[in-house]
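Every number here is computed from the coordinates shown, using simple stated rules; none is lab data. Bear in mind that the values here come from a model prediction, so they are computed numbers and not experimental data. Backbone-built Cβ (ideal geometry, glycine too); neighbour counts: all protein chains shown.
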Amino acid sequence: MRYKGVVLKLTKNKAVVATNDFQCYYVRRNPTIYVGKEVEFSKKKIIKRNATFYMPVLGAACILLVMIYFLNFIGIININNSPQGPEVFAYVGVDINPSIEIYIDDIGDVLNLVSLNKDSKAVVRKLRAKKMNILEVVDAIINEVNGKDPGRGSEKGYMLVSSTLNTEVVQHDKQQNKQEKLNHIINSLQDDVKVRERVDVYFIQADINDRAAAKKQGISTGRYMLYEKQKDMGEAYSLEEARNVSLTELLEGLGEGKEDILNPTSKGSLSTPKPEPSDIEDTITGVTPSPVTTPTPGPTEKPTLIPTYTPKPTATPEPENTNTPTPTSTVSIPAFMRFESSNYRGHFICNKSFSGVISNNAETAEDYVFKVVRGLADPDCVSFESKSRPGYYLKHENFRIILKKYEDEDLFKNDATFRIVSGLADENMISFQSFNYTDRYIRHRLFELHIEEISTDLERKDATYIGIEVK
């Protein structure tokens, strides 16, 4: 018998799943599961409890949980509305008539959407933004607004984006580092909006006190900041007018001064993070792979679960881009390595809740370290086995990099195999080409790892890494 339900809660090893008949079950957790995901599971996956009184209590609790999550999902209640929530890294306000505030974590994933006026309630309910990235959410907001206002024609409208670091949960001595991380997220958002060229976007930075004052007055942080700047210029709207006039009128009220305060689709007052060189002494400066005689593999080069290697599949045609580096036929690299981002120094490839990210605050030092083994699908390539979780490998799934336990399946082996090539942004560094999607490379975007097609200078930098041997 198979069951179908929605994930309500996650613990370290289990997931609470509610079925359509309001029954709750504990099932084994896997790396791709998340709160709100609809899943199917068999009776074998259910974790049994011994206490005879437990099931009635669990059933009653399940009904309550289902009701709470349903009401939160449709926007009637908001269980994540507290600004002191420890997982809320920053608040991003989006004013485009309607006004919406987005709570994000430190890699730009959306934790919650909050409507700030009547017009935004329907948009928030429709977006269902949980487990989406801020780039996807802002793009969806623009699509939703443009879809409801077809009369705009070819005219581009305005959008105001405010960013506020949640300093209430950030230690004072770490604020600069966290602000740089937020700036990196906002800069990526700016680049994304600039490419699409559908609205003129203005970005403004606020602090937690500005946000608190705006909330007290019942106005978005972005509008409140414009109101304050107009006051400084001596040509202010009243607070009531700033709350209710169109965004176009509010921005135009700044006159020519708005270009000095806010620059559309540019970095504006936000400082672009400028990574400093890493203090790590064991950085390898000459890691460009070169053909060598294939050594006889030693025991340490084999994966923990010693998979059976399949014959090399028919090669997929290489991209026509002449700038694409030629993969080496064989690799000779240390057994254990960590990989530092070329353009975000001090951040290393690691796993965070089984998702591939670049980070500087992993739970353990071993989370940064990978055992580089012969490719699971091709011994001339490589695969990356986690040192902290032996038997788990980096692989792509739906073009996201995740950490997953080894499976003796061809698809798993192909998805977990990569070619090491000369760095796309610097030939003295390295990049990782997907074995079965040869036009895609491992790239970090908002600190998350994906395999993507690479075309711009920024993408080439995001897809280039420094290999560091770990003794």
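Stretch Lys118-Glu252 to full length: gain in nm at 0.36 nm per residue minus the Cα-Cα span?
Values: separation 134, 0.36 × 134 = 48.24 nm, distance 2.34 nm.
Between Lys118 and Glu252, full extension yields an extra 45.9 nm.
Taking 7 Å along the Cα-to-C-beta vector as the label spot, tell me the Arg2-Lys216 distance in nanometres, rounded to one decimal.
Distance between label points: 5.6 nm.
Can you give the net charge of the other residues whose Cβ lies under 10 Å from the Cβ of Gly93, counting K and R as +1 and D and E as -1?
On the way: positive: Arg211, Arg223; negative: Asp95, Glu101.
For residues surrounding Gly93, the net value is 0.
Checking the table Lys181/Lys215; Lys43/Lys387; Lys121/Lys229; Lys45/Lys387; Lys14/Lys216 against a 30 Å threshold on Cα-Cα, which pairs fail? Show your work: numbers first, answer last.
Values: Lys181/Lys215 24 Å; Lys43/Lys387 32 Å; Lys121/Lys229 28 Å; Lys45/Lys387 27 Å; Lys14/Lys216 40 Å.
Beyond 30 Å between Cα atoms: Lys43/Lys387; Lys14/Lys216.
Take the alpha-carbon centre of region 352-383, take the same for region 436-471, and report the distance between them in whole Å.
Between the Cα centre of region 352-383 and that of region 436-471, the gap is 13 Å.
Can you give the extra length, in nm with one decimal, that the chain gains between Glu240 and Gln176 once fully stretched, where that is 0.36 nm per residue apart less the Cα-Cα distance? If you can, show how the numbers build up before the last one.
Values: separation 64, 0.36 × 64 = 23.04 nm, distance 3.47 nm.
Value of the extension gain: 19.6 nm.
Please work out whether region 409-452 counts as rounded, prolate or oblate from its C-alpha gyration tensor, where a ≥ b ≥ c are the square roots of the eigenvalues and a/c under 1.5 means rounded, while otherwise a/b larger than b/c means prolate and anything else oblate?
Values: a/c = 2.62, a/b = 1.47, b/c = 1.78.
Oblate.
Can you grab the distance from the C-alpha centre of region 224-246 to the C-alpha centre of region 91-135, Å, no decimals?
Value for the Cα centre distance between the two parts: 23 Å.
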